[in-house]
Amino acid sequence: MSSLLSLIDKIVEGIRDIPQWLLTLLNRIPYVELQGKNAERAIVVSLLSAALGTYVLLNLLLAPWIERKVMARMMGRRGPVYVGKFGLLQLIADIAKLLFKEDTMPMTADRFGFNLSIYLMGASTIMSFGPLPWARDLAGTNMSIGLLYIFAVFSVFPPAMLLGGWASNSKYSLIGGFRAAAQLVAYEIPMMISVLGVIVYAQSFNLQAIVEDQYQNGWYIYRAFPGLLMAFVIFLFASLAETERIPFDIPEAEAELVMGPRTEFSGWRYGIILLVEYSHMFVNIILVVVLFLGGWDVIFPFNGMPGWLADLRDDRLAQFIAINIKIYLGVFFVTWVRTTFPRFRIDQFIEWGWKTLLPLSLLSLAIVGAYAGLYVA
Amino acid sequence: MGWFLEFNMIVIIIFTLFMAFGALRTDKVMKAAAYLLLTLWGVAFAYLFLGSEYVFAIQLIVYGGGIVVLFLFSVLLTGQEEFQMDKEFVWNNLVQILIALLLFFTLTVLMLDVFGGYELTGNELVVLNETQDLTQTLATALFTNYNYVLPILGILLLSAMLGSIKIAIREEEL
Amino acid sequence: MVVPLEYFLILSSALFSIGVFGVITQRNAVRILIAVELIINAANINFVAFASYNPVGDISGWIFALFIIAVAAGEAAIGLAIFINVFRNYGEIDVGHLFTLREV
Amino acid sequence: MSEYEIVIKSFMPIYILIGGSILSLLMDWLLNEEKNKHALPSITLLTLLLSAFSVWNRPDPALFPGNPAMFYFGSYYVFFALTSIAASIIVVLAAWKDMELELSLGVFYALLMLANIGIFVIGASNNLIPLYVGFEVLSISTYAMIGFRKKSRSGAEAAIKYFLLGALSSGIILFGMSLYYGATHTLQMNSTVAAALVSSGSSPNAFGLFTMAVLVAGVSFKIAAVPFHVWVPDVYRGAPLSVTNFLAIGSKAGGFAFLFKLFFVALLTIKAGWAPVWAGLALLTMVIGNLAALPQTSVTRILAYSSIGHVGYILIAMVAFADGSTELAVVGALYHILANVFMKGTAFVVVLIVVLTKGGDTLDDFKGLGKRDPLVAFFMSIALLSLAGVPPFAGFFGKFFLFYAAVDSGNMYLAVVGIIMSATSLFYYARIIHVMYFYEPVDDASDQSQPRFLVLLVALLLANLALSLGAIFYTRSIVDFATQVAQEFFV
């Protein structure tokens, strides 16, 4: 009896401890910078980060609409017009349609691998929203390894693609999975090496610290000229390749492979894949903005800046608006590229990644290193 | 209040061990690699609970992203689909299971005997230190004390790269 | 306030035992390599845990863990290359079936 | 000398080897195969000699920076670096002919040079991280070299066997190291810190015993001590013969360098625990290695089993070291490792010559070698007599030092078993000699042995004799050197 009572006591005590526990967990994992150790603060911060996550997801509804509209204009069409004002709700209608479609899976598919690849991709995408900086001190989490963390959670994509391609038990899926994994691996390495230049300058993996350094000393795109400019171009190409956007959408080349590794996915699974693709692109655009284009910085610092501009630079709302404008310019750029260029061939493309982009990224790192060495000396 | 964290850790332990056992038990090679991936993620979360974010990220990038992809590629390139398995797994491997259990109990008893109730005495560095960036500490140690060891790791990777390219490439096509 | 060291030790010893079990029961080379990776991960958990709970504040265990991860990558690369080559020569990579050298 | 300069000069041998391997890769890419066939081995030889020279001209090891220093480029390092270079030179001269038809030969020589770097790092490291990384550099290069002849089925099989056991053993070693780290809180190898492993005096507690057992099991795979020796004959038979040569002389020296560093430095405080274990393993290894060699018909397999037996002899040094006669044990172990390079190097080169001319390595292929090629048969006989431990040759002195150390430390039984097993080993060595001289050639395929090989064999014989003369006339300086090495262990 007494043991039961003590057990109940323990459980009650445990329930009372939940806020405290939440605080500890938040402190440990994403919320390194949380100062006041009270539960209210922790809950506020977690609500805030939930709100930021929701904000990203809302943007994911808007960005495809913009993309479709812009693409339609460039092709001389009108794009979605019927659902909602200017067709704004088109994507919601699409999602509703996907959700209510029949949930099919090929009979010979491997159930475990088929589902696992979807779950892995979805989880890693949602996880990657955490450390994105939206304004000074406004980020889901201010973790010290933010950039590395995003790469870490994205590193699950190649195995997930291969697994999904294999599990669908279809030759299109399998070949598509191979291509996707090869492409991701070939472009992940130049991407990471080009980022190293930024790390050398910022002395930190923390995305907020990276933006703060740009706020103080100038955006990275024009520093260590031409080292970081090269890194910017490489990173841009590599991230287009990583997200399998149109000039590089080799894994899902419709004419050859139907839909690549996602041929057999339908219904809600296909919906999740669409979501994952768009958010992968979105996060990559944000990374480009944060790493090279000043992040939430309103305008690059220069001498003789007027006072109102300096005030504006310190205003968090202005910072928030600035980064959003930059992101949507990025979305526009990606759409523009999509409508303009034809698709590459797989072997040329992989070779280009290993034999051109990789040495170039090493070269850019060397230039940045030389600048940094001079700076130290 | 630590009980909830401990509960999470227990969940991670059970998850990791189940996945590890699944990697040895499943009948498809691809699935074994997938289970390995999940095991590695579980281990990575254990690193996070130990306060070592950097090792967590490296574990995911190199192990989760690199080694598992190598496994999947080589499995697909060797074209093998299924393991040749004996159906009566448990009964045929009774001795081995007993050996493994004995090993586990010996090891656990010994380690808990020596390290059980280990309290953090001096090293506040590693526990929830908010003033110092742990990644920075790690980097400082890596580039002061261990700076002559890093190039040797580079030599190792060079030799691994040379050897694996030479052995895996099809030379008749060159 | 943090998770006690015991949990990690139990995890690592269990992973080690599962790895050893895999090595002694499996015949397929890929599966043996997977079991070896489990053993290496067990050692890695130990290193990181002992570094985090180190009374003298020595974090070289973390550094060793990083080195081990890199070394394991190199080892896996060369091992899988060897497997592919064996597969080209024999058509299978079941270690129990390779008998050419067992003459005496 | 500035700190920077000391680091550069200390690492100079390694830099030279890296430079040589990159040069050979470049030549492999730029020149055609006909030119490379001779250019690449020459470059490799030159690099190895340069590197040996700069090993000799190292700066004072105590000045190496770092607190505590990761590396100590002392006498131990010099011994193993020079031994591995000697072994590699033999391997290069053998591979000159053996591997000449292979594609991308530059990779082979680059891997050989990188493997040497592994042994250098093992010899110099003071910390478990470089020790392990160096060991893996050696292992990984060796895996690739064994699988180098891709079209050969047996080569592929040898590679997969060696790789799986090697990866497993390195995993187990890592686990043992992690337990060691937990107990001592440091990765720095240091003969005084392992207090947590000890219960009283120098006998280990249960945890210390377990740590030790894990490490013993892991290392035994690498050096092929008996319960873990089954891979040796298969791998030696399947690998290209010049690589087998490297496994038997170079890689083995590296394995022993690793073993001694680990047990004489890191685990010294629990020597009462590991001494009996190694004594048992030494007995088993000597007995089983030598007995299993008796029924073999393939000369490579005979040499493989005899190589297991020699591991048993060297393991006697572990016991003698733990039981007090440290200098003698070090003298015996190091001398025998060096003698092993020359004896076994000669034997495998002769096997290579026979395989190249006759296409096989069975005893039948050795029939009438004394008539076909008297010089080669002569060198083979010398090498075999030396391996058996017949007096005027280096093998005798190696065994003599080892057995003397065993007696000196009060382990008479080890010396007795060792002598009995040496006598047993004479049977199978004499069988080869008998086959070479007392049979007519099966067919009269007379062959001209390569002059390059003859030069190598003469050099090996001279080295062997020089070593034994050194043991007779310069015993004092050998013991001095060993004392110096032993002092490094007790820092």
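Computed from backbone phi with θ = phi - 60° and the Karplus coefficients 6.51, -1.76 and 1.60, the 3J(HN,Hα) list for region D:393-401 is 9, 4, x, 4, 5, x, 5, 4, 4 Hz; x is used for glycine and proline.
For the pair region B:24-83 and region D:127-202, the centres of their Cα atoms are 22 angstrom apart.
The share of accessible area on the protein assembly as shown that comes from carbon and sulfur is 67 percent, using a 1.4 angstrom probe.
Contact order for chain D, expressed relative to its length and based on alpha carbon pairs under 8 Å spaced 6+ residues apart, stands at 14 percent.
Sorting A:Phe320, D:Phe120 by solvent-accessible area of protein heavy atoms yields A:Phe320, D:Phe120, largest first, with a 1.4 Å probe. The distance from the alpha carbon centre of region C:29-79 to that of region D:254-297 is 26 Å, rounded to a whole number. Only helical runs count toward this figure. For chain C, summing -39,500 (n - 2.57) over DSSP H runs of n ≥ 4 and dividing by all residues gives -26000 deg cm²/dmol at 222 nm.
Take the Cα of B:Phe7, step 7 Å toward its Cβ, do the same at A:Leu312, and the gap between the two points is 5.1 nm.
Counting only residues at least eight positions apart within a chain, or on another chain, the lysines with an alpha carbon under 24 Å from that of D:Lys161 are B:Lys28, B:Lys166, D:Lys150, D:Lys151, D:Lys222, D:Lys252, D:Lys344. Each label was represented as a point 7 Å from its Cα along the Cα-to-Cβ direction; for D:Ala430 and B:Leu101 these points are 5.4 nm apart. Model label sites at D:Ala206 and A:Ile126, defined 7 Å from Cα along the beta-carbon direction, differ in position by 4.5 nm. The figure for D:Leu101 is an accessible area of roughly 150 square angstrom, using a 1.4 Å probe on the protein chains alone. Take the accessible area of A alone and of B alone, subtract that of the pair with a 1.4 Å probe, and the total buried over both chains is about 3600 Å². Across region A:105-376, the mean sequence separation of Cα contacts (distance under 8 Å, 6 or more residues apart), normalised by length, yields a relative contact order of 26 percent.
For the protein assembly as shown, the Cβ-based charge dipole about the Cα centre amounts to some 1280 debye (Lys, Arg positive; Asp, Glu negative; other atoms uncharged). When D:Val277, D:Val331 are compared by accessible surface with a 1.4 Å probe, the order from highest to lowest is D:Val277, D:Val331. Solvent-accessible surface (1.4 Å probe) assigned to A:Lys355 amounts to roughly 140 Å². Give the angle, between 0 and 90 degrees and rounded to the nearest 10, that separates the Cα long axis of helix D:128-146 from the longest principal axis of the Cα atoms of chain D. Value to nearest ten degrees: 10. Remark: region D:460-466, residue by residue, has Karplus-estimated 3J(HN,Hα) of 5, 4, 4, 4, 4, 5, 4 Hz, where x stands for each Gly or Pro and the curve is 6.51 cos²θ - 1.76 cosθ + 1.60 at θ = phi - 60°.
Assuming R0 = 56 Å, what is the FRET efficiency of D:Val416 and B:Asp113, from their Cβ-Cβ distance, to the nearest 0.05? Walk me through the numbers before you get to the answer.
Numbers: r = 40 Å, r/R0 = 0.72.
In this case the efficiency is close to 0.90.
Amide H to amide H, with H built 1.01 Å from N, D:Thr362 comes under 5 Å of D:Val299, counting only residues 5 or more places away or on other chains. Close amide H partners of A:Leu132, meaning residues 5 or more places away or on another chain with modelled amide H under 5 Å apart, are A:Gly140, A:Thr141. Ligands, DNA and RNA aside, A:Thr108 has an accessible area near 100 Å² when probed at 1.4 Å. Here B:Leu48 and A:Gln348 are evaluated by their C-beta separation; at R0 = 56 Å the FRET efficiency comes out at 0.90.
With Cα atoms defining each centre, region B:142-174 and region A:292-340 are spaced 42 Å apart in the structure. Between A:Asp94 and B:Glu171, the FRET efficiency estimated from the beta carbon spacing at R0 = 45 angstrom works out to 0.35. With all protein chains in place and ligands, DNA and RNA left out, the 1.4 Å accessible area ranks A:Asp137, A:Asp249 as A:Asp137, A:Asp249, largest first. Per residue, the protein assembly as shown exposes 37 Å² of solvent-accessible protein surface, assessed with a 1.4 angstrom probe and all protein chains in place.
The values are calculated or read from the model by the stated rules, or taken from the named source; none is laboratory data. If you're wondering where the values come from, they're calculated on a predicted model, not measured in any experiment. Neighbour counts are summed over all protein chains in view; Cβ atoms, including those assigned to glycine, are modelled from backbone coordinates with ideal geometry. Ligands, DNA and RNA are stripped out before the accessible areas are found, and what is left, the full protein with its side chains, is counted by its heavy atoms. Shrake-Rupley method; radii C 1.70, N 1.55, O 1.52, S 1.80 Å.
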